[in-house]
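Since the structure comes first, as structure tokens, the remarks are kept for the end.
What follows draws every value from the coordinates through simple rules; no lab data is involved. Note that the structure is a prediction, hence the values are computed from the model and not measured. A quick note on method: Cβ atoms are made from the backbone with ideal geometry, for glycine too, and the neighbour counts reach across all protein chains shown.
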């Protein structure tokens, strides 16, 4: 029997680690050709080699998603090397928390640039290919990574929560334009996921809270989120899982 995602051409940003890497691996296992996009070339090459060794197909494209020109070049490379993209997973993200009063404007800008501007740039760069795929009768998907932070109210997380709220609302609105074209939009809103993102925290209060959860309950893993991405992408064309909230069972 064919694999669930045979014939699909997937693009995954943030593929160097965490949810992005886990998703890229699983999509390849399920039959998709996968383009790996992130800034760290060595990590991408290692993952591409692992996918190939397992019998899949992946290409490594070092890209900073905040650079529109780099995204345009990556989109052209995807089309030339593995075909027209019909599945875009925007998993690149940054979580930097601190009290607002500390005024870490460079961190605010980094989160806005990566979590929101980078997402918008990614979708924009691949919209022509997604539209072409859908017009040809293929399934076409955009999957965005938001967070339960999109609706949460938490001290020291203000800017991060704001960027994720924007991601979720962007997805809801994009459906009004992309749905009629046959392109599905899926927004994932996970609770606590134990990934490399946690290592970026240097705010003691936020770090202690998250590490406490990781030590006391069974939190989500990157593989858990990858399964949801693959499941949503494998649905029949008329079925759009538009928003998926997933929490650790024990997380309040």
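Taking each residue as 0.36 nm, the span from residue 151 to residue 172 lengthens on full extension beyond its C-alpha to C-alpha distance by 6.1 nm. Normalised by 2.2 N^0.38 Å, with N the number of residues, the alpha-carbon radius of gyration of segment 109-176 equals 1.28.
A protection proxy built from the mean count of other Cβ atoms within 10 Å ranks the segments 152-159, 4-11, 61-68, most packed first, as 4-11, 61-68, 152-159.
Here the calculated FRET efficiency for residue 227 and residue 110, from their Cβ-Cβ distance with R0 = 30 Å, stands at 0.55, rounded to the nearest 0.05. Compute the helix-to-body angle for 18-29: its Cα long axis versus the longest principal axis of the chain, expressed 0 to 90° and rounded to tens. The angle comes out near 20 degrees.
Distance between the pseudo-spin-label points of residue 135 and residue 211 (7 Å out from Cα toward the beta carbon): 5.3 nm.
Among 102, 186, 84, which one moves the most in a GNM of the chain with springs linking Cα atoms closer than 10 Å? Among 102, 186, 84, the largest mean-square fluctuation in the Gaussian network model of the chain belongs to 102.
At 0.36 nm per residue, and after removing the present C-alpha to C-alpha distance, how many nm does the segment from residue 40 to residue 181 gain when stretched out fully?
Here the segment from residue 40 to residue 181 would lengthen by 47.4 nm.
Axis of helix 222-233 versus longest Cα principal axis of the chain: the two differ by about 40°, to the nearest ten degrees.
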